[in-house]
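The values are calculated or read from the model by the stated rules, or taken from the named source; none is laboratory data. Just so we're clear, the structure is a prediction, and the values are computed from it rather than from any experiment. As a convention, Cβ positions derive from the backbone with ideal geometry for all residues, glycine included, and neighbour counts pool all protein chains shown. When the accessible area is computed, the model is the full protein with side chains, heavy atoms only, and any ligands, DNA or RNA have been set aside. Shrake-Rupley method; radii C 1.70, N 1.55, O 1.52, S 1.80 Å.
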Amino acid sequence: FFFFFYISLCLETMSHRKFEAPRHGNLGFLPKKRTKHHAGRIRSFPRDSDPSAAPHLTAFRGYKAGMTHVVRGVDRPGALMHKREVVDAVSVLETPPMIVVGVVGYVETPRGLRTLTTVFAEHLSDEFKRRCYQNWYKSKRKAYTKYAKKYEDGAKDIESQLERIAKFCTVVRVIAHTQVKKLNLRLKKAHIMEIQVNGGDAKAKVDFAKSLFEKEVTIDSVFTKDEQVDVLGVTKGHGYEGVTTRWGVTRLPRKTHRGLRKVACIGSWHPARVSTTVPRAGQNGYFHRTELNKKVYRIGKKGDKASCQTEADLTEKSITPMGGFVKYGEINEDWIMLKGAVVGVKKRPLILRKSLMKHSSRKHLETIDIKFIDTSSKLGHGRFQTAEEKAKFLGPLASKQK
């Protein structure tokens, strides 16, 4: 009996080197190379499992403006923080309305989805057409001019294509583009993306998509406050970096010859090759990443001067902090506030997608009650929330009296 007890005790306490000293870095993200999808790419849309629901869009595009912080009350009965106030870091994305310019139908095959047909709207903006050209200035700008003639004589060809989509297709997606001219990004080419339509049958999806042709779609028609969203985009690039920064391997002892931020042994003599699992120096950052479950704290509308007003803070102020968002500027369009950080540098185009999962945890279902949104300057130690508050504190300035 004691022998078996001793053996079982040994088995419980025995470990392994892979548990005591696990490898540095995750091999699931290989190859660590610069992405080809600079504006983000949706690899999978939420499952379209409820035909009884009304047709709706499942994604949207925004541009990262910057970060600030909010004070909110916690509503989680039974938790230690219930009815207390916490400070949360939040990211702000500017989300001008998108314009729907087309619809694509996909049929399911044993090898995945196959495009059946694509239908475009009659009038397409220059922003959209610019994306079709390498050099807009030298081009003849004839894109889609022949296609627009299909709308003459009752648009019979267009209607027949839409009927084909409704008859044969199981997946329907709209083609939409952003309005970059509304942002101060020095961009003229719109970012184009496909957005899947979920809910209803194929006919309802096609009718919904057609009803949106050439119309603006706003962020609040896709997402709501307190919803969980996924953020897809490209991380901040750091160029070619060494193995310690890139993989987080341990530095060698101080006296090491020829440097210490290295991997001491990059493999055995045989096999006489360096394995792909060995950490090496190379590209770090500018990778495509998908982050799940970012909570929507607030959605602001264009022209709302009191978009950051709360019940506890009645100051009339908009989301743009004093002096503007650093390396971005002012927000003059619709915007969305998400909990925590999002990938990428300022001005980076990001994709917001409806969550892929059904949420049941209290944290995900909690209603957010914001008490205060900080709009002080992000350039230094901001003391003032608004220009009026600063002027009131400083009094009459000599520079303004001239």
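Some points to look at:
- Within the shell defined by Cβ-Cβ distances under 15 Å, the residues around V71 carry a net charge of 0, with Lys and Arg each +1 and Asp and Glu each -1.
- In the full protein context, segment 73-136 carries 51 Å² of accessible surface per residue, based on a 1.4 Å probe and ignoring ligands, DNA and RNA.
- Full-extension gain in nm, E291 to K156, via 0.36 nm per residue minus C-alpha separation: 44.2 nm
- Charges were assigned to the Cβ only: +1 to each Lys and Arg, -1 to each Asp and Glu. The resulting dipole of segment 192-332 about its Cα centre is roughly 1420 debye.
- Taking a point 7 Å from the Cα of V74 along the Cα-to-Cβ direction, the residues of segment 273-307 with backbone N closer than 20 Å to it are 294-298.
- Distance from the alpha carbon centroid of segment 91-142 to that of segment 166-187 works out to 6 angstrom.
- In the chain, a dipole from Cβ-located charges (positive for Lys and Arg, negative for Asp and Glu) runs towards its positive end, and of M337, G242, F223 it is G242 whose Cα lies farthest in that direction.
- Distance-filtered residues of segment 77-113 - backbone nitrogen under 15 Å, label point 7 angstrom along D220 Cα→Cβ: 95-98
- Considering only L124, L113, L260, the Gaussian network model of the chain with Cα springs below 10 Å gives its largest mean-square fluctuation to L260.
- Cα lying deepest toward the dipole's positive end in segment 74-232, options V180, A89, G200, charges on Cβ: V180
- Structure remark: mean-square fluctuation, Gaussian network model of the chain, C-alpha springs under 10 Å; the largest value among G323, G267, G303 belongs to G267.
- Given R0 = 35 Å, the distance between the Cβ atoms of R41 and M14 translates into a calculated FRET efficiency of 0.20.
- With Cα atoms defining each centre, segment 248-320 and segment 25-44 are spaced 13 Å apart in the structure.
- Between H82 and K301, full extension at 0.36 nm per residue minus the direct alpha carbon distance yields a gain of 75.8 nm.
- Calculated log₁₀ intensity ratio I(q)/I(0) where the Debye formula runs over C-alpha points of the chain, q = 0.10, 0.11, 0.12, 0.14 Å⁻¹: -0.90, -1.02, -1.12, -1.30
- Calculated mean residue ellipticity at 222 nm for the chain: -4500 deg cm²/dmol, from DSSP H runs with n ≥ 4 weighted as -39500 (n - 2.57), summed, divided by the residue count and rounded to 500.
- Accessible area of segment 215-287 belonging to carbon and sulfur atoms, whole % at 1.4 Å probe: 55
- With every protein chain in place, segment 97-188: carbon and sulfur % of accessible area (1.4 Å): 48
- Over segment 1-155: Kirkwood hydrodynamic radius from C-alpha pairwise inverse distances, Å: 23.9
- Note that segment 164-258 presents 52 Å² accessible area per residue, ligands and nucleic acids not counted, probe 1.4 Å.
- Estimated translational D of segment 264-402 in µm²/s (Stokes, Kirkwood radius over Cα pairs; 20 °C; 1.002 mPa s): 108
- Between F393 and R280, the modelled label-to-label distance comes to 5.4 nm, taking each label 7 Å out from Cα in the direction of the beta carbon.
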